[in-house]
Amino acid sequence: YDYVLSMRSRFLNFSLGKATLIEALGWIDSFPAHPFHSWSSDEGKTAADDTVMKSSTPSLRTLSFIMAETAREEGLPDWVQLVALLHELGEAVKVLDPTHTGDMADSIYDWTISSRSRVVGCKPPHRATFSEYRHLNMDLEDSKYNTNLGVYKPQCGLQNVLLMWTGCEYMYYLLKHNHATLPEEGFAMIRYFLLGDWHEHHEYSAITNADDADVLPFVA
């Protein structure tokens, strides 16, 4: 919970400069679309394996264009096509502040930026992604955070909770800060895209509300 607060404090003042959409897409051209594959164990790997991995793994920029084009071919609204194009751009946050982000800026991959999302400040769902590592979560030792509600009020809505610090979370707030003209469903698609525990497994019933149910079909 404290880590998320520190990341929000560091990045959500949006003081790191400006870029066009094309420039931002250029930044993520060097980011792998499958970071877990790119950072798999080196044991038993050969130089040839590395070459195949690099050539077969598309960049996030390529993936973004593919998703946008797929949305266009399927006849989806133009705002959905735009969301498909820019939803991965938030991962560029890890290179925006190389002087002050420490280890996060030294690597092309940061586990929180590219990970699936979850609500912080309350007990993680039983089926949470990587639940086998939940014992490493210090929040579970704090009575403020280790209940189904945690720091939140019943049915407060996802709009009013903190999510894990990811590229999608940064992108959502960046677009809101710049008054992007997207429907609320578009903003929901960006912010909750990684929150699979909610839109795939219907977790967080203690804090979600009718507004969340309205946008669920667009995210799922």
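If you wrap the Cα atoms of the range 108-220 in a convex hull and average its projected area over all directions, you get 7.5 nm².
Measuring with a 1.4 Å probe in the full set of protein chains, what accessible area per residue, in whole Å², belongs to the range 110-214? Here the per-residue accessible area is 50 Å². Projected label points at residue 20 and residue 179, each 7 Å from Cα along the beta carbon direction, are separated by 2.3 nanometres. Counting only Cβ charges, +1 for Lys and Arg and -1 for Asp and Glu, the dipole size of the range 116-174 around its Cα centre is about 180 debye. For the range 120-220, give the percent of accessible area contributed by carbon and sulfur heavy atoms, probe 1.4 Å, rounded to a whole number. Carbon and sulfur atoms account for 54 percent of the accessible area of the range 120-220. Pairs exceeding a 18 Å alpha-carbon distance, out of 144/176; 18/94; 94/144: 144/176; 94/144.
The values are calculated or read from the model by the stated rules, or taken from the named source; none is laboratory data. Quantities reported herein were computed from a predicted structural model and do not represent experimental measurements. Here the Cβ is made from the backbone with ideal geometry for all residues, glycine too, and neighbour counts use every protein chain on show. All accessible areas refer to the heavy atoms of the entire protein, side chains included, with ligands and DNA or RNA removed. Shrake-Rupley method; radii C 1.70, N 1.55, O 1.52, S 1.80 Å.
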